[in-house]
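The numbers here are math on the coordinates, done by the rules we state, and not lab data. Bear in mind the structure is a predicted one, so any value in this text is a computation, not a measurement. Glycine also receives a Cβ, built like all others from the backbone with ideal geometry; neighbour counts cover every protein chain displayed.
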Amino acid sequence: MTLQVRGLCKAYGQVVVADRIDIDLSVGQCLGVIGPNGAGKSSLFHLLTGTVAADAGHITLDGKALSGLPAHRRARLGVARAFQVPQPFGNLSVFQNTLAAASFAGGLRGGAAEQAAHDALRL
C-alpha cells in the first residue's frame, strides 16, 4: 500500500496551513510529523483523512484518487486518524473494541472482521 501526496495546499484566508506538501509513504514505513502549536500538523491530518477539503493538490492510495472522497470512504480504504484522547467502549474488552473498529470503520463483517481485529492486536 502506498500513500502519495502531491502539492497539498490549504489556507484559511491569509493563514496558510499547508503549502505544497509532498509525501510518499509505503507499508511498513513510519513518518513523524513534528512542529510547534499552530504549525499545521492537525490540519495535515484533516486534509489526508478528508475532514477538511484541500485548496489544491492530490492524494492517492495505491494509485486511487482520494481527493474529493468523504472521510468515511477514505476510512474504509484505510486512511483514518486516531485522536489523542482515546475513547474506547468501557464495557467492552480490548478485542471487542478492536472488532468494533474493524466492523464499522473497516467495513468488515464476520470472520474477516475478527481476523482483522486479531491481526491488529498481534501487530
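Any idea what % of Cα-Cα pairs in the chain are farther than 20 Å?
Working: 3798 of 7503 pairs.
Every Cα pair in the chain considered, those over 20 Å come to 51 percent.
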Inset, instruction - Using only Cα atoms, find the angle between the long axis of helix 94-104 and the longest principal axis of the chain, and express it within 0 to 90 degrees, rounded to the nearest 10. - result: 60 degrees
Inset, instruction - Just subtract the alpha-carbon distance of L77 and F89 from 0.36 nm times their residue separation and send over the number in nm, one decimal. - result: 2.0 nm
Inset, instruction - With a point put 7 Å past each Cα toward its Cβ, work out how far N37 is from Y12 in nm, to one decimal. - result: 1.4 nm
